[in-house]
Amino acid sequence: MSDVTPGGDQGSALQAPADATTLELVEVKRGMFGADGSGDTSGYGGLVTPVAMPAASSRPYGSWFDQVIDVLTEVLDEAGVPPQEAIEKVVVDLHGADSADAQRAELTIDVAREHVVAVCRALRDDQDLRFELSLGVSGVHYPHDAGRELHAVYHLASITHSRRLRLEVTASDDDPHIPSTTSVYPSNDWHEREAYDFFGIVFDGHPALTRIEMPDDWVGHPQRKDYPLGGIPVEYKGATVPPPDTRRSYS
Amino acid sequence: MSAPAAAPHATRPAGNEDMSSTVRAFEAYGDGDWDDIAREAIGEERIVVNMGPQHPSTHGVLRLMLEIDGETVTEARAGIGYLHTGIEKNMEFRTWTQGTTFCTRMDYVAPLFQEAAYCLAVEKLLGITDDVPERASVIRVLMMELNRIASHLVCLGTGGNEMGATTVMTVGFTAREEILRLFEAVTGLRMNHAYIRPGGVAVDTPEGFTTQARAALKNVRGYLKQLSDLMLANPIFKARLTDVGVLNLSGCMALAITGPVLRSTGLPYDVRKDNPYCGYETYDFDVPTAKGADCYDRVVLRIEECYQSLKIVEQAMERLDRTEGEPVMVADKKIAWPAQLAVGGDGQGNSLEHIKKIMGTSMEALIHHFKLVTEGFRVPVGQAWQTVEHPRGELGVHVVSDGGTRPYRAHFRDPSFNNLQGVSVMCEGGQVADVVVAVASLDPVLGGVDR
């Protein structure tokens with residue numbers, strides 16, 4: 001997994017930054033079948049598997065992706081936001097398709113958290129972008145992604161142009177702050193409350209950032225990876241079934 | 001108004017002798033208007049009424065906090081979370097295939113949509129979108145459209161019931177029963193199907209299904225006619241719904257409200273047309289819209305959408321007849337469960353014959369079967385997003401894989417969850433009785449909202 005290099009550099013302003021020369025490592029798995037110590041007779045106990053999310057893509061991205069990135073760069077520039085800083089990287093997921101023209105190809109833009117509102121505003125308002133519809137915020141917790149453990153993932157849709165894209169913004173566990181996008185997309189109100197409730201991401205500038213699903217006095221953020229699932233052993237016909245989070249894991 | 005001379009106010013605290021009581025109670029008398037009495041009694045105090053979470057007209061456990069001034073709602077807020085069961089978290093501890101068993105329980109009125117969206121997202125990650133057999137896609141479309149009709153029937157039926165039109169409810173639920181019987185024939189269950197699986201569907205339709213379905217749908221058509229006769233021209237019904245719960249296009253876009261509520265503003269946005277999946281681009285159907293953006297138009301739209309769904313179902317059944325005997329699961333044996341499901345002698349599980357075949361012919365097949373079912377298949381690292389047109393709007397699924405046999409994260413953007421944000425805008429300034437109508441027109445299902 002060490003031979004991964006960033007996808008080329010054609011001199012574009014939007015290449016992956018120089019320090020993104022490795023894959024985005026989010027986890028390192030050890031062993032297999034959940035067996036470790038003396039119980040491991042499989043020989044798989046020493047297995048080390050790095051888990052890395054897809055690396056930054058290089059130009060041309062294909063389909064309408066290049067155009068959207070170009071326009072976004074331009075609009076951000078006009079608005080006084082340095083695009084190289086705002087757009088950290090661009091990832092194209094082909095999902096098994098031959099080219100980005102396939103309907104299932106997806107565009108992900110990693111956005112620096114301080115510029116997320118400006119990027120959203122540009123994506124919503126420019127006539128060539130027009131991502132009018134925000135389909136919510138999904139939090140993801142990567143405890144091994146040091147310094148950027150918390151990811152907020154925004155899915156935007158353009159009804160005008162029939163396009164969809166994804167913004168990914170990260171924050172660290174120590175400083176879990178991301179600016180709220182409710183000023184641009186009021187619909188993100190509840191979605192940001194949900195991400196706060198489940199992951200502890202604090203959306204600065206949100207009108208009323210309170211828990212939405214869990215009780216107000218709940219301690220902890222349940223969908224974080226360090227929060228246990230809970231459960232009790234269940235006895236059935238003489239055998240005991242352990243709770244799901246203590247069962248053997250294969251990965 | 002004139003109050004008795006003995007009392008300076010129209011009201012006096014009840015039980016003057018016990019002023020230490022911390023509970024304030026009032027007794028009102030006088031011959032004036034109630035508004036005047038109330039004003040003197042409570043002055044500028046706000047009256048906040050809790051509607052729910054156990055109110056029958058809140059579709060489950062929705063809590064509405066209404067600040068009222070007489071009969072007028074001045075502020076409305078929705079409180080949710082009473083049905084939060086941590087389905088998304090639970091999915092992280094089960095295999096990818098078991099995920100369908102969990103997500104089907106989210107929006108329990110439209111379970112097949114969660115299954116379909118989730119499976120399409122997993123198939124994207126696996127890179128097998130093109131390998132899903134045509135017959136599987138046809139069955140998915142057929143099941144989803146039947147489910148859309150069933151869901152709309154619940155919406156219309158319960159909506160009518162909440163306004164006191166019990167017949168609307170009984171007709172709606174009788175019609176839904178026809179569809180649930182079809183579900184039972186195909187999946188074995190009336191709800192919580194876990195029928196659509198990554199790679200295809202669990203089992204082919206039973207013999208003679210299309211004949212049974214055609215007969216049932218003829219009845220459904222009749223019930224739909226009854227419903228529209230009962231509702232659409234009824235002056236009381238129209239008076240209750242017209243110009244109530246209005247939310248215009250810009251309001252819908254700002255709050256990302258989709259589905260029939262958005263289409264009632266005149267925008268023909270439908271994921272089936274905008275970003276087709278499961279081969280919807282090959283079916284002939286229309287996206288009905290309306291202009292009024294009120295509750296009445298949403299009822300008209302839902303009835304019309306049922307007819308459009310029937311149209312799709314008929315086309316799907318033709319294809320079903322044409323593809324008789326073709327596979328309903330991807331050919332890749334590393335993904336497809338060896339699920340030639342049949343009822344065994346014990347009334348459940350796989351048939352003895354099938355198990356005998358696996359056990360008797362190949363030990364490797366047995367190991368493979370065991371591994372696939374207990375451990376599950378691995379899904380490449382990455383993330384995917386899939387939306388489908390749910391009866392209530394755009395349902396989105398965000399799945400993240402770390403390359404393991406379980407979802408690293410599965411998030412569902414449930415349309416009801418998002419649409420409930422519109423409650424404030426739709427109810428404020430209206431009457432308390434209109435709240436019930438407005439919420440019914442959003443058609444929230446709290447299982448999906450809270451997950």
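Values in this text are rule-based calculations from the coordinates and carry no lab data. Computed from a prediction, not measured in an experiment: that's the story for all the values here. Note that each Cβ is placed from the backbone with ideal geometry, even for glycine, and that neighbours are counted across all protein chains shown.
Listing for the model above:
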item: Net dipole in debye of the range B:201-321 [+1 Lys, Arg Cβ; -1 Asp, Glu Cβ; about Cα centre; nearest 20]; result: 420
item: In Å, descending, principal axis extents of the Cα set of the range B:399-438; result: 53, 14, 9
item: Ellipticity estimate at 222 nm from DSSP helix runs (n ≥ 4, -39,500 (n - 2.57)) divided over the protein assembly as shown, nearest 500; result: -10500 deg cm²/dmol
item: Relative packing of A:160-169, B:256-265, A:102-111, which averages over residues the other C-beta atoms within 10 Å, highest first; result: B:256-265, A:102-111, A:160-169
item: For A:87-100, mean number of other protein chain Cβ atoms within 10 Å; result: 3
item: Alpha carbon centroid spacing (whole Å) that separates the range A:48-66 from the range B:119-179; result: 36
item: Order of B:VAL300, A:VAL137 - criterion: other Cβ atoms within 10 Å of each residue's Cβ, fewest first; result: B:VAL300, A:VAL137
item: Alpha carbon centroid spacing (whole Å) that separates the range B:372-446 from the range A:89-135; result: 20
item: Cα-based equivalent ellipsoid, the range B:31-168: semi-axes from gyration tensor eigenvalues, Å; result: 46, 19, 11
item: Cα-only radius of gyration and Dmax that characterise the range B:116-192, units Å; result: 16.1, 51
item: Relative contact order of chain B, defined on C-alpha pairs under 8 angstrom at six or more residues apart (%); result: 23
item: Reduced Cα scattering model of the range A:56-219, Debye log10 I(q)/I(0), q = 0.13 Å⁻¹; result: -0.62
item: Dipole in debye (nearest 20) - chain B, about Cα centre, beta carbon charges: Lys, Arg +1; Asp, Glu -1; result: 1560
item: Ranking of A:SER183, A:SER158, B:SER250, A:SER134 by count of other Cβ atoms within 10 Å, fewest first; result: B:SER250, A:SER183, A:SER158, A:SER134
item: Relative contact order (%) - the range A:56-219, alpha-carbon pairs under 8 angstrom, separation at least six; result: 17
item: Tail weight of P(r) past 37 Å, computed on alpha-carbon pairs of chain B, percent; result: 34
item: Listed residues B:GLN226, B:PHE377, B:GLY259: farthest to the positive end of the dipole of chain B (Cβ charges); result: B:PHE377
item: Per-residue Cβ neighbour rank within 10 angstrom, fewest leading, A:TYR196, A:TYR61; result: A:TYR61, A:TYR196
item: Test item: B:126-133 mean partner chain Cβ contacts at 10 Å; result: 3
item: Values of log10 I(q)/I(0), in the order q = 0.10 Å⁻¹, for the protein assembly as shown under a Debye, Cα-only, solvent-free model; result: -1.02
item: The range B:85-238: radius of gyration over Cα atoms, expressed as a fraction of 2.2 N^0.38 Å; result: 1.17
